[in-house]
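Reviewing the structure listed below.
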Amino acid sequence: MSTCLFCEIASGRIKAEIIHQDDDYVAFRDVNPKAPSHVLVVPRRHISGLNELVGPDCGLADGLLGAGVAAAHAEGLAPGGYRFVINCGEDAGQSVAHLHLHVLGGRPLAWPPG
Ligand code: AMP
């Protein structure tokens with residue numbers, strides 16, 4: 001049976017630099033940061049990505065955004081600004097099939113993204 005990397009991190013079976021966690025969400029530092037501050041926020045419950053956010057599961061998005069805003073505040077990013085990214089599927093470069101929100105900041109971020 002295959003295991004999910006972010007389920008393993010959320011459960012504590014794989015170590016990560018966790019900056020905040022509650023009953024529903026875990027926020028931890030990206031191991032390969034693309035900005036001075038790069039945090040990932042994941043729901044504890046396994047959901048593979050945005051395409052699966054349908055029906056009652058849509059409510060997960062509210063909590064995910066709220067946890068992302070809390071992470072941005074905790075990282076001191078709120079005054080200067082920051083970016084949320086959720087990659088969905090191959091074309092967007094999603095590499096881990098567990099819904100996750102990237103919180104990026106600490107430098108000017110170019111637009112549009114590549
Ligand atoms: P995505 O490409 O949108 O699926 O994002 C997956 C992210 O997970 C990438 O930015 C990776 O650097 C990050 N990542 C992969 N393995 C780990 C890990 N063990 N701990 C923290 N972040 C990780």
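All of the numbers you see were taken from the coordinates with simple rules; none came from a lab. In this text the structure is predicted, and so the values were computed from the model without any measurement. Ideal geometry is used to build each Cβ from the backbone, glycine not excepted, and the neighbour counts take in all protein chains shown.
The criterion of being without any contact (Cβ under 8 Å) to a residue 60 or more places away in the chain, surrounded by 17 or more Cβ atoms within 10 Å (Cβ to Cβ) and more than 10 Å from the ligand (Cβ to nearest atom) holds for PRO43. Residues that are within 6 Å of the ligand (Cβ to nearest atom) and out of contact with any helix residue (DSSP H, G or I) (no Cβ under 7 Å at 6 or more places or on another chain) within region 87-103 comprise ASN87, GLY93, GLN94, SER95, listed in sequence order. The single condition among (1) within 16 Å of the ligand (Cβ to nearest atom); (2) farther than 19 Å from CYS4 by Cβ; (3) within 15 Å of the chain's Cα centre (by Cα) that ALA70 does not meet is (1).
Restricting attention to region 1-26, the residues being within 11 Å of the ligand (Cβ to nearest atom) and either under 23 Å from ASP91 (Cβ atoms) or in contact (Cβ under 8 Å) with a residue 40 or more places away in the chain (or both) number 2.
With respect to VAL31, determine if the residue is surrounded by fewer than 13 Cβ atoms within 10 Å (Cβ to Cβ), without any contact (Cβ under 8 Å) to a residue 60 or more places away in the chain, among the hydrophobic types (A, V, I, L, M, F, W, C) and farther than 21 Å from SER2 by Cβ. Outline the logic, then answer.
Numbers: surrounded by fewer than 13 Cβ atoms within 10 Å (Cβ to Cβ): yes; without any contact (Cβ under 8 Å) to a residue 60 or more places away in the chain: yes; among the hydrophobic types (A, V, I, L, M, F, W, C): yes; farther than 21 Å from SER2 by Cβ: no.
Here the answer is no, as VAL31 does not meet what is asked.
All of (1) surrounded by fewer than 18 Cβ atoms within 10 Å (Cβ to Cβ); (2) not in a loop (DSSP other than H, G, I, E, B) hold for VAL103 with one exception: (1).
Just for region 74-86: of the residues that are in contact (Cβ under 8 Å) with a residue 24 or more places away in the chain and under 15 Å from the mean Cα position of the chain (by Cα), which one is farthest from the ligand (Cβ to nearest atom)? Among those residues, the one meeting the criterion is ALA74. Taken over region 23-78, residues that are part of a loop (DSSP other than H, G, I, E, B), touching a strand residue (DSSP E or B) at 6+ places or on another chain (Cβ under 6 Å) and aliphatic (A, V, I, L, M) amount to 2.
Hey, among the residues in region 51-73 that are touching a Phe, Trp or Tyr at 6+ places or on another chain (Cβ under 7 Å) and buried (at least 16 other Cβ atoms within 10 Å of the Cβ), which one's farthest from HIS100 (Cα to Cα)? Reasoning before the result, please.
The initial filter retains those residues of region 51-73 that are touching a Phe, Trp or Tyr at 6+ places or on another chain (Cβ under 7 Å), namely 63-64, 67-68, 72.
Next, from what is left, pick out any that are buried (at least 16 other Cβ atoms within 10 Å of the Cβ): 64, 67-68, 72.
On the way: LEU64: 8, ALA67: 11, GLY68: 10, ALA72: 15 Å.
Here the residue is ALA72.
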